[in-house]
Amino acid sequence: MLVRHQGWPADEVEEKLRWLTLGGLTVVPVDEVVGLAAGRLHAAHYHRTQRPISLADCVALAIASAVGSRLATSDPALIATARETGCAVVPLPDARGRRP
């Protein structure tokens, strides 16, 4: 999103991500279990106009659920899906500064 939509240089985005991992962010690999859970979430909750969650959104939700963490996002559709599936959320401000 930052590179494609905001025009940030990819190297700068990667540097910021490295800062997050150095600060304690845990990176969880996407294995078969997570991939299947994400696919199930997408199949059950995706709707083109009413619930436009991406498969990547579903991967994030599947991981948060698997490790028992809260999911941080500004996406209202993803928040709704997380709440429906019992995953706690941390609503982040969107591009306009509003929290869902």
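Assorted remarks:
- Test: residue in segment 81-96 that is surrounded by fewer than 17 Cβ atoms within 10 Å (Cβ to Cβ), part of a helix (DSSP H, G or I) and out of contact with any helix residue (DSSP H, G or I) (no Cβ under 9 Å at 6 or more places or on another chain): yes
- So Val13, is it surrounded by 13 or more Cβ atoms within 10 Å (Cβ to Cβ), within 24 Å of Val3 (Cβ to Cβ) and in the same structural domain as Val3 (by TED's automatic domain parsing): yes
- The residue that is surrounded by the fewest Cβ atoms within 10 Å (Cβ to Cβ), among those in segment 16-45 that are assigned to a loop (DSSP other than H, G, I, E, B) and among the aliphatic types (A, V, I, L, M), is Val27.
- Residue within segment 21-43 that is free of Cβ contacts under 8 Å to residues at least 40 places away in the same chain and at positive phi present: yes
- For segment 46-72, a residue qualifies if it is surrounded by 21 or more Cβ atoms within 10 Å (Cβ to Cβ) and among the hydroxyl-bearing types (Ser, Thr, Tyr), but none of them does.
- Test: Leu61 is under 14 Å from Ala37 (Cα atoms) and either in contact with a strand residue (DSSP E or B) (Cβ under 7 Å, 6 or more places away or on another chain) or assigned by TED's automatic domain parsing to the domain that holds Gly35 (or both): yes
- Residue within segment 46-57 that is assigned to a helix (DSSP H, G or I) and of a type in the set (A, V, I, L, M) present: yes
The values are calculated or read from the model by the stated rules, or taken from the named source; none is laboratory data. The structure displayed is predicted, hence computed values, not measured ones. Using ideal geometry, Cβ is built from the backbone for each residue, glycine included, and neighbour counts are taken over all protein chains shown.
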